[in-house]
Amino acid sequence: MESQMSDLAFQKCINTACGASYGIEEVHHRCPACGELLDVAYEWDRLEVPGALSYFESKWERRAEPLCFSGVWRFGELLPFALPETRVTIGEGQTLLRRCRPAAEFTGMKPERLFLEYEGMNPSGSFKDNGMAGAFTHAKMVGAAVAACASTGNTSASMAAFASATGALTPVIFVGGGKIALGKLSQALDFGGRTFEIKGDFDDAMARVQEVSVERGIYLMNSLNPFRLEGQKCIMYRILEGLRWQVPDWIIVPGGNLGNSSSFGKAFMELVELGLIDRAPRICIVNAAGADTLDRIVNDEKLAWNGSQYDRERVKSFYEQMDAEGRSAHTLASAIEINRPVNLSKALRAIDVTDGKVLKVTDEEILDAKAVIARGGLGCEPASAATVAGLKKLVESQTVSPDDLVACVLTGHQLKDPNATVGYHSGKGPDREKLAKYGVEKTWYANAPVPVENSLEAILEALEKMEG
Ligand SMILES: *Cc1c(COP(=O)(O)O)cnc(C)c1O
Ligand SMILES: [Zn+2]
């Protein structure tokens, strides 16, 4: 193994009743002893940890060094599982934290209290690049040659981008047939990912990729991989940085496979443990109404983390019932079109340690919020807009006050899914027809292109109509 971090970092089962730990150089998808998920854990006492978060500002003047430029490895002291020479970066994490007046008006927030963390600026256009920096580093430590993932699109785009940029691994991709937004598929193909369209949905692809990885010893790049989640912690560090180290009251994140929300929870647990912040923000995870497993498990079934002894039998029977009903995920927000989130248990932990919340929003609400966000000059894909749609509900129910300091994570770029955007503005998206039947108004900012004759006169006439 290349790294000598092996005695300072290790893998640890999140089930405290099991408590098994494994070396950093081992590759597991789950705890071999009990089947629960694994964390990357650290001997913080024996590591050099900065005394204050403002320490990281010292990296800004060293931006010419790739590991200081990286929005992940800039915070390397907080994910110290690999030596600097082993760390992989393709320039991820150069993101923006910005205000958005239309989103503030839409949600009822004070404009100066609402921030959007724009992860669409990553090299492959989604937050997944943060995680891939971590996972590719671990893959390098263990000498992996082939990497695989199941994906609703962005994981595959990111994995293929890292594979082609580093030349380190052959990327193998499994997607649900017809389920992937074209922007994302085009990236996977262009970056050279070997792409298999499974006749099934994401949940099927996720199940198969785990079997294939075990069978062939292929390195798994999904968010089951705890090293990926280490990279994603840095999204939270950058929000704190953007707020000049003020801790927000709320972080709002879309929930799909629940890797992001899990890693955010871990980031804050650690920062509190290290004394770098004095309280964690509350995390709100937003499901799409058509893929609402977490919402149902937390809000209807009242399942809670319970110190890692959450009701595992109940979860099992929940999924059995879902199978019996033939229930599958359906939402226009394809990045969160997932009914069997692999990180469910870690998300329950994140909700517990941050006094978090879960809610769901309809596709209609998501698309309206997306259009509103874009009116503030930030383009995101549908799943990302679930955050702002969710915040609107949190303010309406007075869970969030207009004075609270809130950051919504815009997880992916607008151009990932242009069909959804053009469909919305043309008023002919698939869900719209259905909604029209229920008499739902065309809403916020529908902005269809206007057909016009090829003549100056006709154009001038059309312009006048527009102004009127
Ligand atoms: C992957 C993804 C999500 C879902 O994140 P999870 O970590 O799977 O919950 C949301 N939005 C976008 C754009 C994504 O790519
Ligand atoms: Zn275990």
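Quick notes on this one:
- The range 257-285 residues that are of a type in the set (D, E, K, R) and more than 13 Å from ligand 1 (Cβ to nearest atom), paired with ones that are modelled with pLDDT of 95 or more and assigned to a loop (DSSP other than H, G, I, E, B) (beta carbon under 6 Å, 6 or more apart): ARG282/THR354; ARG282/ASP355; ARG282/GLY356
- Condition check for LYS393: out of contact with any Cys (no Cβ under 6 Å at 6 or more places or on another chain), surrounded by fewer than 21 Cβ atoms within 10 Å (Cβ to Cβ), part of a helix (DSSP H, G or I) and modelled with pLDDT of 95 or more: yes
- The set of residues from the range 12-30 being within 23 Å of the chain's Cα centre (by Cα) and within 11 Å of ligand 2 (Cβ to nearest atom) comprises LYS12, CYS13, ILE14, HIS28, ARG30.
- Subset of the range 276-330 that is of a type in the set (Ser, Thr, Tyr) and either surrounded by fewer than 17 Cβ atoms within 10 Å (Cβ to Cβ) or modelled with pLDDT of 95 or more (or both) - its residue that is farthest from TYR237 (Cα to Cα): SER317
- Complete set of residues in the range 76-106 that are in contact (Cβ under 8 Å) with a residue 12 or more places away in the chain, among the small types (Gly, Ala, Ser) and either crowded, with 19+ Cβ neighbours inside 10 Å or in contact with a strand residue (DSSP E or B) (Cβ under 9 Å, 6 or more places away or on another chain) (or both): ALA82, GLY93, ALA103
- Single residue of GLY93, GLY120 found to be in contact with a helix residue (DSSP H, G or I) (Cβ under 6 Å, 6 or more places away or on another chain), within 16 Å of ligand 1 (Cβ to nearest atom) and not polar (S, T, N, Q): GLY93
- ALA161 touching a Pro at 6+ places or on another chain (Cβ under 8 Å) and surrounded by fewer than 21 Cβ atoms within 10 Å (Cβ to Cβ): no
- All positions within the range 192-202 that are closer than 13 Å to ALA160 by Cβ and either crowded, with 21+ Cβ neighbours inside 10 Å or within 21 Å of the chain's Cα centre (by Cα) (or both): GLY193
- From the list TRP73, TRP60, TRP44, the one residue that fits, being aromatic (Phe, Trp, Tyr), away from ligand 2 (no atom under 16 Å from the Cβ), within 26 Å of ALA139 (Cβ to Cβ) and surrounded by fewer than 16 Cβ atoms within 10 Å (Cβ to Cβ), is TRP44.
- Pairs meeting the criteria (first residue in the range 27-52 and over 21 Å from LEU8 (Cβ atoms), second residue away from ligand 1 (no atom under 16 Å from the Cβ), beta carbons under 6 Å, at least 6 apart or on different chains) are ALA33/CYS18; ALA33/ALA20; CYS34/ASN15; CYS34/CYS18; GLU36/CYS13; GLU36/ILE14; GLU36/ASN15; LEU37/ILE14.
The values are calculated or read from the model by the stated rules, or taken from the named source; none is laboratory data. Owing to the predicted nature of the structure, the values given are computational and were not obtained by experimental measurement. Here the Cβ is made from the backbone with ideal geometry for all residues, glycine too, and neighbour counts use every protein chain on show.
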